[in-house]
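What follows is a set of notes on a single structure, which appears directly below.
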Amino acid sequence: MTQYEIAVIPGDGIGPEVIESALAVLRSSQRHFEFDLKFTSYDFSAELYRRTGRKITAADMDEIGTRDAVLFGAMGLPDVRDEEGLELGAQVEMRAHYKLFASLRPVRLFAGVPNAVRAEQIDMLVIRETSEGMFAGLHDHHEPSDDQATDRMTITRATCQTLFREAFAQARARRQRGTVGRVTLLHKSNALRSNVLMEKVFDEIAAENLDIESSKYYIDAGSMYMITDPGRFDVIVSENIFGDITSEIAAGLVGGLGVAPSADVSSTHGVFQPSHGSAPDIAGTGTANPVAMILSASMMLAWLGDKRGDQTLNDAAQSINDAVQQVLATGPRPKDLGGEATTAEMTNAVLEALQANLASHV
Ligand code: ATP
């Protein structure tokens with residue numbers, strides 16, 4: 001039986017609460033599918049920084065990077081800031097350290113989940129570039145000033161090529177399971193030089209992938225179409241900050257952050273975390289929706305399965321998705337989706353659905 005080593009970083013706020021749910025689901029799944037996950041927990045958090053001044057270092061990330069994948073809860077607390085006044089987040093440092101260029105953020109409208117728009121079906125993947133774009137200047141030297149501050153948006157041809165090739169590959173893979181197979185670029189090339197280059201490279205990569213449809217909208221119009229006509233989107237790809245915002249619009253379309261998983265990936269490393277943050281407003285109340293974290297853990301299994309050619313992991317991922325889908329359709333329902341179920345009750349419901357489905361397939 002192949003063993004996979006998983007680094008677990010619970011983090012802050014609801015991070016540890018939803019990580020506990022995901023680990024329970026993974027443990028149950030591995031018993032049935034007979035794969036072996038070895039979890040090693042790492043205590044990096046804004047809370048740790050507040051208490052001790054300790055931050056994640058390059059050496060820490062080198063060690064964590066030797067594991068097969070990273071399962072990440074959420075990190076950052078609004079009142080814990082670094083020397084520059086920015087919130088602490090090891091996820092941002094890991095993106096740079098492991099060169100995680102794409103954040104994959106799939107959303108699906110699940111039966112039974114109340115949603116914000118009138119739509120029969122929503123099934124899209126937002127791919128947010130995560131190594132440059134509007135966040136490129138994060139580590140630039142600057143003199144603190146109350147009069148002026150500047151952020152840099154840099155976009156490179158090399159990153160665009162890798163990003164867009166990934167987007168077309170994802171669209172091709174999704175088409176196999178029934179989506180239309182279309183990549184849409186959201187950009188602002190009428191106003192930003194960096195986006196002129198991004199659009200140019202997109203056209204070049206689209207021309208290499210003529211079996212997949214492509215389209216482009218300005219980010220402002222595209223954001224509106226996401227709400228008025230979400231069915232026209234399959235894979236959406238954009239730069240860092242546009243992708244950050246767009247992925248939360250997408251999450252809002254299908255019931256909110258509580259059901260929106262994500263995966264930050266390169267060809268070698270993967271960090272799997274929900275799209276949501278540490279949600280300090282509900283931390284400790286036991287009401288966090290664990291679904292986004294559980295679906296992120298399922299994305300981890302599917303990514304590992306594809307990477308290692310281990311179909312067992314892909315089957316396990318699918319069975320977790322099926323169990324979640326079933327629970328959302330029939331209840332119980334967590335607070336953010338209009339119900340009363342606690343994190344523990346939601347987790348138990350997913351575990352029961354998982355076990356019932358697996359028992360019926362023996
Ligand atoms: P970040 O910038 O770190 O991503 P954020 O500012 O987007 O964080 P979140 O921590 O994601 O903020 O929380 C946004 C809102 O969504 C909060 O009101 C929070 O309570 C709610 N929320 C986020 N995740 C969940 C969840 N899993 N279950 C229920 N509510 C959630």
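The values are calculated or read from the model by the stated rules, or taken from the named source; none is laboratory data. Since this is a predicted model, take the numbers as computed values, not measurements. Please note: Cβ atoms are built from the backbone with ideal geometry, for glycine as well, and neighbour counts cover all protein chains shown. SASA here: full protein model, heavy atoms, side chains in, ligands and nucleic acids out. Shrake-Rupley method; radii C 1.70, N 1.55, O 1.52, S 1.80 Å.
Among the candidates Ala279, Ala353, Ala288, which residue alone is assigned by TED's automatic domain parsing to the domain that holds Ala7, at pLDDT 95 or above and touching an Asp or Glu at 6+ places or on another chain (Cβ under 7 Å)?
Matching residue, one of Ala279, Ala353, Ala288: Ala288.
Could you give me the residue pairs with C-beta distances under 6 Å whose first residue belongs to segment 32-59 and is within 17 Å of Gly13 (Cβ to Cβ), whose second residue is of a type in the set (D, E, K, R) and open to solvent by less than 50 Å² (accessible area, probe 1.4 Å) wherever it lies, and which are 6+ apart or on separate chains?
As it stands, the answer is Ser45/Asp12; Ala46/Asp12; Glu47/Asp12, since those pairs meet every condition given.
Quick check, is Met75 within 16 Å of the ligand (Cβ to nearest atom), in contact (Cβ under 8 Å) with a residue 24 or more places away in the chain and touching a Leu at 6+ places or on another chain (Cβ under 8 Å)? It would help to see each step written out before you state the result.
Numbers: within 16 Å of the ligand (Cβ to nearest atom): yes; in contact (Cβ under 8 Å) with a residue 24 or more places away in the chain: yes; touching a Leu at 6+ places or on another chain (Cβ under 8 Å): yes.
Yes.
Of Asp244, Asp264, Asp203, Asp211, which residue is in contact (Cβ under 8 Å) with a residue 12 or more places away in the chain and in a helix (DSSP H, G or I)?
Asp244
Please enumerate the residues belonging to segment 132-155 that are without any contact (Cβ under 8 Å) to a residue 60 or more places away in the chain and open to solvent by less than 40 Å² (accessible area, probe 1.4 Å).
Passing the criteria: only Gly137.
Can you pull out every residue in segment 206-223 that is out of contact with any strand residue (DSSP E or B) (no Cβ under 8 Å at 6 or more places or on another chain) and of a type in the set (D, E, K, R)?
Selection gives Glu208, Asp211, Asp220.
Has segment 123-131 got any residue that is open to solvent by 60 Å² or more (accessible area, probe 1.4 Å), out of contact with any helix residue (DSSP H, G or I) (no Cβ under 6 Å at 6 or more places or on another chain) and of a type outside the set (Ser, Thr, Tyr)?
no
Look at Asp234 and say whether it is charged (D, E, K, R) and open to solvent by 30 Å² or more (accessible area, probe 1.4 Å).
In short, no.
Is it fair to say Gly256 is within 13 Å of the ligand (Cβ to nearest atom) and within 17 Å of the chain's Cα centre (by Cα)? Give the steps one after another, and end with the answer.
On the way: within 13 Å of the ligand (Cβ to nearest atom): yes; within 17 Å of the chain's Cα centre (by Cα): yes.
In short, yes.
Take residues that are over 16 Å from Arg108 (Cβ atoms) and among the β-branched types (Val, Ile, Thr) and tell me which of the helices (runs of 4 or more DSSP H) falling wholly in segment 276-362 contain 2 or more.
The qualifying helices (runs of 4 or more DSSP H) are 311-330, 343-360.
Any residue in segment 100-113 that is within 13 Å of the chain's Cα centre (by Cα) and of a type in the set (Gly, Ala, Ser)?
Among the residues of segment 100-113, at least one is within 13 Å of the chain's Cα centre (by Cα) and of a type in the set (Gly, Ala, Ser), which makes the answer yes.
Let's see how each residue does on (1) in contact (Cβ under 8 Å) with a residue 12 or more places away in the chain; (2) charged (D, E, K, R):
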{"residue": "Arg157", "(1), (2)": "yes, yes"}
{"residue": "Thr162", "(1), (2)": "yes, no"}
{"residue": "Gln176", "(1), (2)": "no, no"}
{"residue": "Glu199", "(1), (2)": "yes, yes"}
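Could you check segment 181-226 and list, in sequence order, the residues that are of a type in the set (A, V, I, L, M) and open to solvent by 40 Å² or more (accessible area, probe 1.4 Å)?
Ala191, Leu192, Val196, Leu197, Ala207, Leu210, Met224
Applying the selection to segment 256-295, what residues are touching a Ser or Thr at 6+ places or on another chain (Cβ under 7 Å), small (Gly, Ala, Ser) and within 16 Å of Thr343 (Cα to Cα)?
Residues satisfying the conditions are Ala260, Gly286, Ala288, Ala292.
Taking segment 273-288 as the search range and keeping residues that are over 13 Å from Gly76 (Cα atoms) and open to solvent by less than 40 Å² (accessible area, probe 1.4 Å), which one is nearest to the ligand (Cβ to nearest atom)?
The selected residue is Ala288.
For segment 1-36, how many residues meet the condition of being farther than 16 Å from Ala69 by Cβ and assigned to a helix (DSSP H, G or I)?
Total meeting the criteria: 11.
Gln326 passes all but one of (1) open to solvent by 70 Å² or more (accessible area, probe 1.4 Å); (2) out of contact with any helix residue (DSSP H, G or I) (no Cβ under 8 Å at 6 or more places or on another chain); (3) over 15 Å from Ser21 (Cβ atoms); which number fails?
(2)
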